[in-house]
Amino acid sequence: MGLVGSFEAVVLVERHLFALIDNDPGNEDPFARIPGNSAFLVHEDSVVVASDLEDQRARVRVEIWDSAPDGPVEDGFRAIGEGACVSFESGRIQLVNLMREPAGDEYALTSPGPYRVRVWAGPPEEDAQEELEAYRFFERFAIQLSP
């Protein structure tokens, strides 16, 4: 029992927002409803996350578990929002930015769900190599899905 799969991507966050969506093209706009800062909202086969930083290139890891996980192993991560349930009817999920542009590859789940979802955020970090001042600071996120 434990972690059965994961994927990571760098997501362009604009106006605090990014999402994990079901890749069915017929689904509603995931950003039709948005959470407050440092929270997440589940609706219409999507998980919309609102970050502390307005614009950034967030480092996001999605973890799929076969049982409820304890939380991420990284120091300094904190839970944002309360756990919720989500289904991904097509079984194909992907991280996207506010314009619904994909970040990284699509991931195939073993079943459409339902899944319990928890979102964790790390403290802001600085990328001294980043040329654009607007993206110098970033956050790390872990999105955990479990039955």
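Key figures for this structure:
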{"quantity": "Under 5 Å, built H, 5+ apart or other chain: amide partners of ASP24", "calculated": "SER90"}
{"quantity": "Mean separation of Cα contacts under 8 Å, 6 or more apart, over the residue count of the range 1-84: relative contact order %", "calculated": "41"}
{"quantity": "Cα gyration tensor category, rounded, prolate or oblate, for the range 6-46 with a/c compared to 1.5", "calculated": "oblate"}
{"quantity": "Solvent-accessible area, 1.4 Å probe, carbon plus sulfur percent, for the range 1-48", "calculated": "46"}
{"quantity": "The chain, relative contact order [Cα under 8 Å, separation at least 6], %", "calculated": "30"}
{"quantity": "Cα gyration tensor shape of the range 47-130, rounded if a/c is under 1.5, else prolate or oblate by comparing a/b with b/c", "calculated": "oblate"}
{"quantity": "Listed candidates (1) 0.97; (2) 1.52; (3) 1.23 - label of the one calculated as Cα Rg over 2.2 N^0.38 Å", "calculated": "(1)"}
{"quantity": "DSSP-loop trypsin sites (Lys or Arg not before Pro) across the range 67-127, with at most 13 other Cβ within 10 angstrom", "calculated": "ARG100"}
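The values are calculated or read from the model by the stated rules, or taken from the named source; none is laboratory data. On a predicted model such as this, the values are computed, not experimentally measured, just so you know. Positions of Cβ are backbone-derived with ideal geometry, glycine not excepted, and every protein chain shown enters the neighbour counts. When the accessible area is computed, the model is the full protein with side chains, heavy atoms only, and any ligands, DNA or RNA have been set aside. Shrake-Rupley method; radii C 1.70, N 1.55, O 1.52, S 1.80 Å.
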